[in-house]
Structures are given as C-alpha cells and as structure tokens.
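Everything below concerns the one structure shown next.
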Ligand SMILES: Nc1ncnc2c1ncn2[C@@H]1O[C@H](COP(=O)(O)OP(=O)(O)O)[C@@H](O)[C@H]1O
Ligand SMILES: [Mg+2]
C-alpha cells in the first residue's frame, strides 16, 4: 500500500437535500492520514452529520468524491465504522449482542465473533455487563457499548458523530480521556479517526488536525494542525491559544 | 338431577367459550403476521406506502360486518361445512382486528430512530437480519398495545358473527359462546344466560391479565427508554383505533390549535404565538386529499350500481337505508346525551376517575351484541319493543367510544384549567359553558367518528337478528334478499350501496364537524388573537 496515500480523502464534495434549493455542503475537501485524529467543527445545523454520513457511504454526495485507501466510496464498506451521537443501541438486544452486530460484515465463525465481542467490551471497561440490556446502563456506559460495537470489526477508519454531546460534562470528560487509551491499546490499531463536534475544547483536546466549517452552506474555512503531547493540559498557553484561534475563525 | 344439569351446562358453556377464544387467538395470530408484513413493507417502501395507507384507511371505515353473509357464502363455496364457516368467522374477526395493528407497525417503524436503519446498512445486515434484529422488534411494543385493543374489537365481531349466524340454519357456526347465549336467551333460560355472560367476562379478564399483561411487561424493554409502556397501552386500549385513523390525525391537528386556544383562554401560556392560518391551511389541504379519494370511490360505486341496473327493489333499498340512517343518527344523539354528563362527572367532579376508567374498560369489553338475545327475550310482546331493542344495542355500541376518547383527550388538559376553576370557584352554567364543554369537545368529536361507525355496524346486526321485528332497515333488507332466490346478484349490488353509504356517513360527519365546530372556533380564535 502506498504510504503517501491518504486513508480518507474528501474531494470537492457538495450536497443538497432533495427539494431544498440551498446547498448544505459546498465543495468541501480535506483528508485524514495514517495515525491522524481529525476533528470537523462547525456550528449546529451546518451539515456536519450530513458530511459524515456521506463519508460513511450512507448517503450519496451530489458532486465530488470520497476516497478510502484509493477506492471511491459508493456505499458502506467493511473498513469504516461509526459511533452515533445518541448511541443507537438496539434496546431489545443485550450489550454483547449489540457489540456482535458490529462484526456482521466479517466472515468469521460465531465463536470468533463472541470472543471478539467479549474482548472489546472488556477493553471499554464493561466486562460483567455482557448479558444486561442497554436500558440499565448510564449514558456514558451506553456510549462505551457504542464504541465497542464500532471497534469490534477492527476498522481502519472510525467516524464519530458528536460522540460526547449526549453525555453530561463530567462523564464526557472521563470518556474523552479514555477514548485515546482505548484506541491506542487495540492490537490492530485504527488508522484514522474523523470526529464531528461543535465543542472547541474537545476538538483541541483530542485532535491532530481540526477542520473548521462555515454555516449555510458548509465550506472549509480553515484547517488547523494541533501539535501537542497527550494528555493535553487545558490551561496551558498553547492550548488556550489554539482554542481562541478557532473561536475567532468560527465567529468571523 | 338439577346439579347435573348445571354442571352439564357449565361444561357446554366452557367449551363453547374456549372455541370462541380459539377463533380469536387464530385471528389475532394471523392479523399480527399480516400486519408485520404489510406495515413493514408500507413503511420501508415509499411508493408502497402511498398506496397501502389510504386503502387501509378506507377499509377501516367500512362496516365489514355487513359483508358477513357474503363472506360465508364464498368460504362455504370453497371449503366444506365446519371448516368453511370457521374460516369465515376468523376472516371476519381478522378484518376487524388488523387495521390498527398495521398502522401501529407502520408508525413504529416511521418513528424509529433513523440511526437504526443506518446501522443495518453500515453493518451490512441481510434482509432476514434486518427483519429479525430491527424491524420486527421495533414494532413489538405497538403490536402488543394495539393487540389489546384489537382483542376488544374482535370480541365484538366474534360474538356478532356467531349471533348473526345463529338464526340461519343454512350457515350456522357450531360451538361458540354467541350461538350458545342466543339459544339460552331465546329459550328463556335466564340463569344459563347469566352464567354464560359470567364465564365470558371471566375469560375477558383472564386474557387481559394472563396473556396481555405479561406481553406488555416483556416488550417494555423494547422501548428506548424503558418507560412503562403498560400505562400508555391501558390509556390507548379502546380509542387507539380512533387514533389510527387518518381522519383522526386531521382532527388532531385541529385539536392542537384548539388546545392552544384553551390554554390561552385559561390565562396560561401567554406569549405563545399560535399561527392559526398556517395550521388551517395545512389541514385543509390534507382533508381535501381525503375527500378526493372518497369522492372517487363513491363515483366508482355509483357507476357500478348504475351498470348493474338495479331494478324493482331500488326504491325499497333506498327506504331501508333511510330508516337505518335515521336510527343510527338518533342513537348517536342519545349516546352523546349520556356520554357528556358521564364524562364531566368523571373528569371534573369525582376523585376516583381511574377507578371509573377501569370499570368502563371492563364493561366496554363485553360486546353489546351479547346482550341482544336477552333483550329480545325480555321485550317479547311489547309494542315498539323491537325498535327499542335495536336502539339500546346501537347506543351501547357507540357510547364507549365517546367516553374513552373524551377521557383520553381530557388527560392532556392543562392542569391549570382545573386550578382556574377551583381558584375562582367557577360553577353552574358558567362552568359548563366555559370549562367542561370546552375541555371535552375535542375528544368527543374524535370519538364520534368511531361511535357512528360502531352504531352503524350494530344496526346491521340488530335489524338482521331473527326475532327483532323493526319496520324497515338495511340490515333487515339484507336478510330478506338472502332468503330470496337469485339473491347473489342483488346482494352484491346492495353491498355496493352499503359501502357508499358508509363513505357518505363519514363525509357528512366531517363536514358537519367542520362547519359547526372548527370553522366557528377558528374565526373566534382568529378574531381574538389574529
Ligand atoms: N432529510 C433532510 N431534508 C432536508 N433538510 C435536512 C434533512 N436532514 C437535515 N437537514 C438540514 O440540513 C442541515 C444540516 O443538518 P446536519 O448535517 O444534521 O447538521 P449538523 O450535524 O451540523 O448539526 C440542517 O439545517 C438540517 O435542518
Ligand atoms: Mg449533527
């Protein structure tokens, strides 16, 4: 595989909803490289979720391309996984069954599926909750199941749509700290993460690169690289400087 | 000797009720399976949905019980004897049970978080996995909730069809509680009749507690938040069917405007700007589409009748229809006169409203037609007895829909309405005019549609019942035509007429409600807040 190849490349993507004249996304381009954690930030309703669903192959762009390891995305593919804002756990399945759903596309035996799911659930810190149902879990635990489901198939791209915004701030903070550890501790590491957010601090805390979108339509306003060691101190000068820079760009 | 007789009777009644219940369970099982298939199809394919939904809407407004003799003839034609009859009865029950379950499935899938569909695509679930892991489970809470309601409706049709068939030796259902009760009542065995009704009620309560309650408890976990579905399903039991009607939704959007109006009148919610004109325009558009479908159907039916060349009995059919129509509407007015004070008492004047609700629910699940044989026996020999019988059955069939619908809607009444009433000590005429009527009106109106439908159904049965000698009426007329030679041809014409009448009925209802109530309210709201 070409080491110069981007893991995900979004190239001149435009989109508008059927029957709505105004474009939601207008000529957006960016890319995610191996080992990169990319955040896409923009005001509420600017089309971030729509963009992520295009990258996942769930909806089709009007113009432009999304390229995954050299192949154009035309529908959901095996190597790309998704974490939902509202968890999207099926309440009638136990937690382990929910996680197992994540490897439906893999061509492996049932016992192997079970083994992987159990391991993944343990990695997100939920061993012991295999056979209970999502309803008994707290919000933070639900999202952990959601993350386990996304990671169980050993994807090379992880897409996350505001994964922390349904959680209270304290829980979100803990999970933000954990997610980097969970990602790092995988045997088959995830190559790139693309996370949607509208939380500036969160973006700066986690990402290597931040893509800032404008509102109506969504265009790339600016791309900012963040080069700080983890764990990042929110009160450090470089951190606060980056945050201010992003706010300035967003409100411009 | 006497004890033996009683034991024997008990055994007969128990087996017959068990047979009736078997028909019900078979019908429910089939209804649920078909509903899942149709509902999921309609919800996942936009094109299919556009065709299926209006068709179902119309089907559930047609009193299908009127087709019963016709259905029996067809089934007996294909299947011999006992099997054919039972298949016909089960078919009839299905046609009464199925529509609200289909809508339940449809709405459950439409209301499903779109992420669930995304999941299925992301993880490449097969068709079968999509069904078993997503679509069927997501429908289950609504299926159970609607089944409870369907059971009550189905019981009405079960007993009705059994009673219906009891008088006709040509096609009699064997082993059914309806048949048995008819026999007991007409032979003057009041004790046996009461015993039968007692067993019937026991079965009703047992089914509720031993079959539906556990199911409700089980599917609670299928709901997203795990909120108690049981509470909702109790509330929705009877009027759930009303809620499924597109017409109801049409009225519902009116109701929202109305509730907003109420809240403002009550002094609360100040600053809520309610855009009357916008809502009105939208609902009128939807209403118009509905009328067009109905009108098109009416034209087709009229054309069919014209082609079939209805001859000599044309006039008598018309008269019969007129009689039934008048009877039904009169019964409806009486039902209103009963429902309004009952509702006002239960909602405003007593603290035990949940007790009354439960009581009403149990009484309502006893099909009014089950009383028919005994009323007939009691009224024997009185002048106008038959008219009275028909009337009582009509009222009993319709009044519950009014009561349950009203009580349901009144639940969403803003709390401060009662507070306003108590704080300012509003009483008497003022309370009636400014509070009671205003609060119960929306529910009363939505209940009216189903109430009229139910009374119409009852009219077919009551007039058709062998010992009821009402002067004229369409049910009576149907029975006569069945007995006449060459009836098949004329029969189908009359069914077409009936369908037309059912549709006309609904259209008249809607137009009346619109012109008499909503238009006036709107102009008032517009005048005050415009
Ligand atoms: N199915 C749809 N049809 C029309 N407009 C839509 C649809 N879904 C979302 N939108 C609109 O598109 C815009 C972008 O939505 P979304 O991508 O969810 O925004 P974000 O995730 O940035 O908050 C919003 O203004 C939203 O109202
Ligand atoms: Mg979003």
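The values are calculated or read from the model by the stated rules, or taken from the named source; none is laboratory data. No experiment lies behind these values; they were computed from the predicted model shown. Counting neighbours? That spans all protein chains shown, and the Cβs are built from the backbone with ideal geometry, glycine included.
Screening residue A:17 with (1) in a loop (DSSP other than H, G, I, E, B); (2) within 12 Å of ligand 1 (Cβ to nearest atom); (3) in contact with a helix residue (DSSP H, G or I) (Cβ under 7 Å, 6 or more places away or on another chain) gives one miss only, at (3).
Would you confirm, using the coordinates I've provided, whether residue A:203 is touching a strand residue (DSSP E or B) at 6+ places or on another chain (Cβ under 9 Å) and within 16 Å of ligand 2 (Cβ to nearest atom)? Yes: the conditions hold for residue A:203.
Which residue out of A:209, A:142, A:177 is in contact with a strand residue (DSSP E or B) (Cβ under 6 Å, 6 or more places away or on another chain), at negative phi and away from ligand 1 (no atom under 16 Å from the Cβ)?
Values: A:142 fails: in contact with a strand residue (DSSP E or B) (Cβ under 6 Å, 6 or more places away or on another chain); A:177 fails: in contact with a strand residue (DSSP E or B) (Cβ under 6 Å, 6 or more places away or on another chain).
That would be A:209, the only listed residue that is in contact with a strand residue (DSSP E or B) (Cβ under 6 Å, 6 or more places away or on another chain), at negative phi and away from ligand 1 (no atom under 16 Å from the Cβ).
When the residues of the stretch A:101-117 are filtered to those that are facing chain B (nearest Cβ under 10 Å) and part of a loop (DSSP other than H, G, I, E, B), which remaining residue is farthest from residue A:166 (Cα to Cα)? Explain how you work it out, then say what you get.
If we filter the stretch A:101-117 for residues that are facing chain B (nearest Cβ under 10 Å), which is where we start, we get A:101-106.
The next check asks that each one be part of a loop (DSSP other than H, G, I, E, B); those that pass are A:102-106.
Values: A:102: 21, A:103: 25, A:104: 26, A:105: 28, A:106: 30 Å.
The qualifying residue farthest from residue A:166 (Cα to Cα) is A:106.
Can we say residue A:84 is under 23 Å from residue B:120 (Cβ atoms), within 16 Å of ligand 1 (Cβ to nearest atom) and modelled with pLDDT of 90 or more? Considered against the rule, which asks whether it is under 23 Å from residue B:120 (Cβ atoms), within 16 Å of ligand 1 (Cβ to nearest atom) and modelled with pLDDT of 90 or more, residue A:84 comes out as yes.
Checking each residue in the stretch A:70-89 for being more than 14 Å from residue A:158 (Cα to Cα), more than 16 Å from ligand 2 (Cβ to nearest atom) and buried (at least 18 other Cβ atoms within 10 Å of the Cβ) picks out A:73, A:89.
Go over the candidates A:48, A:65 one by one and state the one that is within 16 Å of ligand 1 (Cβ to nearest atom) and closer than 29 Å to residue A:246 by Cβ.
On the way: A:65 fails: within 16 Å of ligand 1 (Cβ to nearest atom).
None of the others qualify; the one that does is A:48.
Annotation: of all residues in the stretch A:1-54 being within 14 Å of chain B (Cβ to nearest Cβ) and at pLDDT 90 or above, the one that is farthest from ligand 2 (Cβ to nearest atom) is A:54.
Within the stretch A:145-159, how many residues are under 21 Å from residue A:119 (Cβ atoms) and within 16 Å of ligand 1 (Cβ to nearest atom)? Number of matching residues: 0.
Of the residues in the stretch A:181-200, at least one is assigned to a helix (DSSP H, G or I), over 12 Å from the mean Cα position of the chain (by Cα) and within 15 Å of ligand 1 (Cβ to nearest atom).
Are any of the residues in the stretch A:28-35 surrounded by fewer than 20 Cβ atoms within 10 Å (Cβ to Cβ) and within 9 Å of ligand 1 (Cβ to nearest atom)? Among the residues of the stretch A:28-35, not one is surrounded by fewer than 20 Cβ atoms within 10 Å (Cβ to Cβ) and within 9 Å of ligand 1 (Cβ to nearest atom), which makes the answer no. Across the stretch A:121-139, the number of residues qualifying as crowded, with 18+ Cβ neighbours inside 10 Å and within 14 Å of chain B (Cβ to nearest Cβ) comes to 3. Kindly establish whether residue A:70 is over 19 Å from residue B:120 (Cα atoms) and touching a residue at least 24 places away in the same chain (Cβ under 8 Å). Yes; evaluated as a whole, the condition is true for this residue.
When B:26, B:12, B:90, B:65 are checked against the criterion of being touching a helix residue (DSSP H, G or I) at 6+ places or on another chain (Cβ under 9 Å), crowded, with 19+ Cβ neighbours inside 10 Å and modelled with pLDDT of 80 or more, B:90 stands alone in meeting it. Would you pick out the residues in the stretch B:107-137 that are in contact with a helix residue (DSSP H, G or I) (Cβ under 8 Å, 6 or more places away or on another chain) and facing chain A (nearest Cβ under 8 Å)? Correct list: B:116, B:118, B:119, B:123, B:125, B:129, B:133, B:134, B:137. Pairs linking a residue in the stretch B:26-37 that is assigned by TED's automatic domain parsing to the domain that holds residue B:49 to a residue that is outside any helix (DSSP H, G or I), with Cβ atoms under 9 Å and 6 or more positions apart or on different chains, do not occur. Residue A:188 meets all of the listed conditions (1) more than 16 Å from ligand 2 (Cβ to nearest atom); (2) touching a strand residue (DSSP E or B) at 6+ places or on another chain (Cβ under 7 Å) but one, namely (2). Residues in the stretch A:71-100 that are under 17 Å from the mean Cα position of the chain (by Cα), in a loop (DSSP other than H, G, I, E, B) and facing chain B (nearest Cβ under 10 Å): A:76, A:77, A:78, A:84, A:85, A:86, A:87, A:88, A:89. Checked against the criteria, residue B:83 counts as at pLDDT below 85 and assigned by TED's automatic domain parsing to the domain that holds residue B:144. When the residues of the stretch B:184-207 are filtered to those that are at pLDDT below 80 and assigned to a helix (DSSP H, G or I), which remaining residue is nearest to residue B:143 (Cα to Cα)? In this case the residue turns out to be B:185.
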